[in-house]
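Undergrad: One structure is given below, represented as structure tokens, and several questions about it will come after.
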Amino acid sequence: MKKHQIVIDYNVYATLSDMESEDITLMEQAVGARSNAYAPYSNFQVGAAVLLENGEVIIGNNQENASYPSGLCAERVAIFHAGAKFPGITIKAIAITATSKNFVVDEPAAPCGNCRQAMIEYEQKQKTPVKILMMGEKGNVIKFNSLSDILPLAFDNSFL
Ligand code: THU
């Protein structure tokens, strides 16, 4: 038996204003998207903004449904739209933020496992890391350098 270890580096910023201007701008777009979420069942509103190499920003927010599993998370709405509108254009970064009508979201919004798997497909396809920024409605902002940092040992098409 051999012991292995996975070490993940990431940056924590006390406030959004401590980040680089490109990151601040992207997160502000995610905040804007968040306010248009359709989340009448959970009251948990998530916004996402995808920055592409051509400078375009594609936003998404969670879209819920009376049949709960038919809804979709903000991250997948955004990344699928980016893939649909700009296929083949490299994705540089994704910003995610959440708020709630029921409580204060003071921790960074962590994407669910389904979204991590959906997003990493694009990173694997483009063979370039995608930065990921996470924020609540207040408090710390965290930044990872690659989607693989938040989904180690990911399933990919090499298994198929
Ligand atoms: N949600 C997202 O939009 N992204 C995530 O990564 C986690 C959860 C949404 C789905 C649902 O509309 C609400 O948040 C509560 O789960």
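Undergrad: Only residues that are part of a loop (DSSP other than H, G, I, E, B) and away from the ligand (no atom under 13 Å from the Cβ): list them for region 54-110, please.
TA: Matches in region 54-110: 54, 55, 56, 86, 87, 88, 89, 90, 104, 106.
Undergrad: Can you say whether residue 84 is without any contact (Cβ under 8 Å) to a residue 40 or more places away in the chain, surrounded by fewer than 15 Cβ atoms within 10 Å (Cβ to Cβ) and out of contact with any Lys or Arg (no Cβ under 7 Å at 6 or more places or on another chain), as far as the supplied structure shows?
TA: Taking the combined requirement at face value, the residue satisfies it.
Undergrad: Further question: Give the number of residues within region 125-160 that are buried (at least 17 other Cβ atoms within 10 Å of the Cβ) and more than 24 Å from residue 24 (Cβ to Cβ).
TA: So the answer is 2.
Undergrad: Could you list, in sequence order, all residues of region 111-142 that are assigned to a helix (DSSP H, G or I), touching a Cys at 6+ places or on another chain (Cβ under 9 Å) and closer than 16 Å to residue 82 by Cβ? First the steps, then the outcome.
TA: Of region 111-142, the ones assigned to a helix (DSSP H, G or I) are 113-126.
Among the residues that remain, those that are also touching a Cys at 6+ places or on another chain (Cβ under 9 Å) are: 114-115, 118.
Within region 111-142, 115, 118 qualify.
Computed from the coordinates by the stated procedures, all read-outs in this text should not be read as laboratory data. Keep in mind it's a predicted model, so treat the numbers as computed, not measured. All Cβ positions, glycine included, derive from the backbone under ideal geometry; neighbour counts span all protein chains shown.
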